[in-house]
Amino acid sequence: MPRDRTDRCCWYHCVYTVSFRPYIFQEEPVVNHKGSCLCGKMQYETGELSRDIDHCHCTFCQKAHGAAFGTYATLRDVDSFKWTAGGDDVGRYESSSHSARLFCNSCGSSLVAEIDGGKMLAVTLGTLDDDPVVESSAHIFVRSKASWYEIGENEKTHEEYPPQFTQFAPTD
């Protein structure tokens, strides 16, 4: 299928991987992961990430990452994210009405997706400084997939949003 710019940014897909467990009686969020940009100016810490990741093939992710897809994991608790260095110099691009991409102004590394005004955050897994524990993954928005990239025959795929979350797709 030919690629076009009519596909939608995919950030509401993150809903199906998020658990809204409150972190009760914790003064400080538990740091499970640390991440940084290519030049090291931007650094962050997060709490627990979803163990289900998405490889998003939407045109926005291809352009933002300069690659066939972007790989993301959502934070289980958005309050657990914090910039530990360079946070005052983060770049921000509003890629759709419901999502913004945060990046390093110095080296351009794509770091975080802010969804629905910050109600949900997803980190780009390539910026983690440690190895996330991944239980499953899926390729989404494969109707916009780069023609030169082949998805393995046993991998989970979705043309756009996963079927159980098509209610988040724009209706225009």
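The values are calculated or read from the model by the stated rules, or taken from the named source; none is laboratory data. Since this is a predicted model, take the numbers as computed values, not measurements. Counting neighbours? That spans all protein chains shown, and the Cβs are built from the backbone with ideal geometry, glycine included.
Of all residues in the stretch 121-154, those that are touching a strand residue (DSSP E or B) at 6+ places or on another chain (Cβ under 6 Å) and either within 22 Å of T59 (Cβ to Cβ) or among the aliphatic types (A, V, I, L, M) (or both) total 15.
Please determine, by comparing only the residues of the stretch 42-72 that are assigned to a strand (DSSP E or B) and among the β-branched types (V, I, T), which one is farthest from V112 (Cα to Cα). Selected residue: I53.
Evaluate the stretch 72-87: report whether one residue or more is surrounded by fewer than 16 Cβ atoms within 10 Å (Cβ to Cβ) and either farther than 20 Å from Q43 by Cβ or polar (S, T, N, Q) (or both). So far as the stretch 72-87 goes, yes, one or more of its residues are surrounded by fewer than 16 Cβ atoms within 10 Å (Cβ to Cβ) and either farther than 20 Å from Q43 by Cβ or polar (S, T, N, Q) (or both). Being surrounded by 15 or more Cβ atoms within 10 Å (Cβ to Cβ) and without any contact (Cβ under 8 Å) to a residue 40 or more places away in the chain is the filter here, so list the residues in the stretch 106-129 that pass it. Once the filter is applied, which keeps residues that are surrounded by 15 or more Cβ atoms within 10 Å (Cβ to Cβ) and without any contact (Cβ under 8 Å) to a residue 40 or more places away in the chain, the stretch 106-129 yields only E114.
Looking only at the stretch 130-143, decide whether some residue is buried (at least 16 other Cβ atoms within 10 Å of the Cβ) and on the phi > 0 side of the Ramachandran plot. For the stretch 130-143, residues buried (at least 16 other Cβ atoms within 10 Å of the Cβ) and on the phi > 0 side of the Ramachandran plot: present.
Would you call T71 modelled with pLDDT of 90 or more and out of contact with any His (no Cβ under 6 Å at 6 or more places or on another chain)? No: the conditions fail for T71.
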